[in-house]
1. Mind checking which residues of segment 16-66 are within 16 Å of ligand 1 (Cβ to nearest atom) and assigned to a loop (DSSP other than H, G, I, E, B)?
2. Restricting attention to segment 258-285, and to residues there that are more than 13 Å from ligand 1 (Cβ to nearest atom) and without any contact (Cβ under 8 Å) to a residue 12 or more places away in the chain, which single residue is surrounded by the fewest Cβ atoms within 10 Å (Cβ to Cβ)?
3. Just one of (1) crowded, with 24+ Cβ neighbours inside 10 Å; (2) acidic (Asp, Glu); (3) away from ligand 2 (no atom under 16 Å from the Cβ) trips up Asp156, so point out which.
4. Taking segment 212-250, which residues are farther than 24 Å from Lys104 by Cβ and within 15 Å of ligand 1 (Cβ to nearest atom)?
5. Which one of Met1, Met45 is under 30 Å from Val90 (Cβ atoms) and loosely packed, with under 14 Cβ neighbours inside 10 Å?
Amino acid sequence: MRHFITLDDVSVAELERIMELAEQIKVECRAGVRKPYLAGKTIAMIFEKQSLRTRVSFEAGMTHLGGSSMFLGDDVGFGKRESTKDFGNVLSAMVDAIVFRAKKHESVVELARHCTCPVINALTDKAHPCQALADMMTVKERLGSLKGRKIAWVGDANNVAASFVQIGVKLGVEVVLATPKQHQFDRATVEQITSADPNYVLQQLTDPFEAVQGADAIYTDVWASMGQEAEETQRKIDFANYQVNAKLMAAAKKGCIFLHCLPAKRGVEVTDEVMDSPQSAIVQQAENRMHAQKGLLVWLLP
Ligand code: CP
Ligand code: NVA
């Protein structure tokens, strides 16, 4: 059974195939052609945290592909009415894939253990692999190529950053981080997210201006992720020098693009000026969630 829980679950060739499918389906979609690649298929979605992009992109995507999706709210009693084993056994007997956004990464791993259909990670505290697919698709569209590109991640070394580094290692994109020392990835995480290339040296810098030197793109995310609300005040202090603003953008390579997985806190980790600039790829990046996940679903579902 193939799952998509982290980028570890796909080889480089498989990843390239998923992205190729995504690009092809996007071209078709843009031309008004919606081929029923997944006619009769259905996915179930469980969200333990809020979502706009992930939820809507999977739902709209499945409809475009001729399939259907169901959003399972609190009333199914996941984690409350019965064991994860029974829940997973039953649900996976009726649907073709399960999309799960969980507070704890281990919950997705645990559910997948009991499912006879693919489980797709829709974000956990550790990873956001669907986001990474859309991110690289966007970078390729904007810059024309991926290999040899340098992207500076400025801000928290979080779930989105982890998957972005991981996909970068696989696709030959150098990701340099600028993060306050106490918020950097620990050694075990670095080993895990760079494991596809044992020679990869992940640069974790503390100076954003150093990190963006020669960068083709600057990527940031919120300083306090969902579940870290209690740390928000302290994090605003810790990350005060890490805002992506016009000055930082100007220190990168000419034509450098701006990325953000969204939702953003405007005026905190990024200024309005950068968010709304021609260099900003944020809306394209969000739209590409749908195209990228279509590629993933078509690849994953037989
Ligand atoms: N980027 C992202 O996953 O957005 P949502 O939380 O709205 O799904
Ligand atoms: N790092 C953010 C990403 C949201 C899409 C969070 O986990 O809340």
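Please treat every number below as a calculation from the coordinates, not as lab data. Everything quoted here is computed from the prediction, not taken from an experiment. As a convention, Cβ positions derive from the backbone with ideal geometry for all residues, glycine included, and neighbour counts pool all protein chains shown.
1. If the condition is that a residue be within 16 Å of ligand 1 (Cβ to nearest atom) and assigned to a loop (DSSP other than H, G, I, E, B), then Glu48, Lys49, Gln50, Ser51, Leu52 are the ones that fit.
2. For segment 258-285, the residue satisfying everything is Pro278.
3. In the conditions (1) crowded, with 24+ Cβ neighbours inside 10 Å; (2) acidic (Asp, Glu); (3) away from ligand 2 (no atom under 16 Å from the Cβ), Asp156 misses (3) alone.
4. Matches in segment 212-250: Tyr219, Thr220.
5. Working: Met45 fails: loosely packed, with under 14 Cβ neighbours inside 10 Å.
Matching residue, one of Met1, Met45: Met1.
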